[in-house]
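First up is the structure itself, then whatever we jot down about it.
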Amino acid sequence: MTIFVSTDWLADQLGATDLVILDASLFLPGTPRDARTEFEAAHIPGAAFLDLPTLNDSEDPVPGQLPPDALMTERMQALGVNADSRIIVYDNSPTHSAARGWFMMRVYGLGASAAILDGGLPKWIAEGRPTDNGVPATAPGNAIARLDRARVRNKADILANLDSNAAQLLDARGAGRFTGAEAEPRPGMASGHIPGSRNIPSSAFFAADNSMKQGDELRRLLLDAGTDFDQPIVTTCGSGVTAAIILAGLESLGKTDVALYDGSWSEWGLDPATPKATGAA
């Protein structure tokens, strides 16, 4: 499979025994929506609820950090994921959080392949396709999750990169948060961005029908923001969710030397010792 699959493709594959469909919807703190309630009201037939907000390291003070292998394994097996499963991740969220779910499948080596449903549930419903409600029964799977740390960066890596400039940083937050013109949504968090990083708001990656920009249009978006395709890239955002959108977009263009800073601004912005910049890149 490619990184993105169409609604037509998924409609043809529904019912395949090796197919696992996961709803990775997630909403930012303070959003008056509940992902689980919405899933139970309407989801793609056969889908299971990933529950991204609870799939993290509860012992890490930074919110939303990648979970231990044991928790990831337990959750994936409970959702029916096998070692040879084809996993399709979708969302019904303005944060386009399916990319985070897809990224997690990839970095934990889960399933034979994983892809994002292009356009997600909004496109699926707009096309008049069927949905189910309730909580579907799922047979346990046998997948084992093992985190590949080579695809993830931490604060120490980013601090070192400030001196080496070995990798380019791309920040997926909105322009106001990146420049510091808008306050961060979490109390006590500084405004601004990691020095040297460039900004491409995650919303710019999507067309009107909720599908991801592809090919030349996507490449132009990245180039116009100053992206250097000859340099390794680290993606970042507020909490490691929308950073996965940039990462998926880059990989769809064949750019594979890309990693994600999992702590992102939730870690960097709360640390008074980290250097911070404001204004445009």
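Values quoted throughout were computed directly from the atomic coordinates according to the rules given, and no laboratory measurement underlies them. These figures come from a predicted structure and were not determined experimentally. Methodologically, a virtual Cβ is constructed for each residue, glycine included, from the backbone with ideal geometry; neighbour enumeration extends over all protein chains shown.
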Worksheet entry | the chain: Rg to Rh, with Rh as the Kirkwood radius over Cα pairs | 0.95
Fill in: Over the chain: helical MRE at 222 nm, DSSP H runs n ≥ 4 each giving -39500 (n - 2.57), nearest 500
-8000 deg cm²/dmol
Discussion item. Taking the number of other C-beta atoms within 10 Å as the exposure measure, put TYR90, TYR108 in order starting with the fewest.
Written reply: TYR108, TYR90
Worksheet entry | Placed amide H near LEU169: partners under 5 Å, 5+ positions off or other chain | ARG198, VAL234
Discussion item. Given an 8 Å cut-off on Cα distances and at least 6 residues of separation, report the relative contact order of the stretch 150-268 as a percent.
Written reply: 34 percent
Practice prompt. Per residue, how big is the convex hull around the C-alpha atoms of the stretch 174-270? Give it to me in cubic angstrom, could you?
Written response: 100 Å³
Worksheet entry | Share antiparallel - DSSP beta bridges, the chain, percent rounded to 5 | 10 percent
Worksheet entry | Integer Hz, Karplus 6.51/-1.76/1.60 couplings in order for the stretch 21-36, x for Gly and Pro | 10, 10, 8, 10, 4, 8, 10, 5, x, x, 6, x, 9, 10, 5, 5
Item to complete: Measure nothing fancy, just the Cα-based angle from helix 243-252's long axis to the longest principal axis of the chain, in degrees from 0 to 90, nearest 10.
Response: 70 degrees
Worksheet item: Tell me, what ³J(HN,Hα) does each residue in the stretch 57-74 have, in order and in whole Hz, if you take phi through Karplus 6.51 cos²θ - 1.76 cosθ + 1.60 with θ = phi - 60° and put x for Gly and Pro?
Response: 8, 5, 8, 8, x, 7, x, x, 6, 3, x, x, 3, 5, 5, 4, 4, 4
Response to the item:
Mean shadow area (nm²) of the C-alpha convex hull around the stretch 45-139 is 6.6 nm²
Worksheet item: With contacts defined as alpha carbon pairs under 8 Å and 6 or more residues apart, what's the relative contact order of the chain in percent?
Response: 21 percent
Discussion item. How large is the Kirkwood hydrodynamic radius of the stretch 131-230, counting all unique pairs of alpha carbons, in Å?
Written reply: 17.3 Å
Worksheet item: Once amide H atoms are built 1.01 Å from N in the peptide plane, which residues 5 or more positions from ARG153, or in another chain, come under 5 Å H to H?
Response: LEU260, TYR261, ASP262
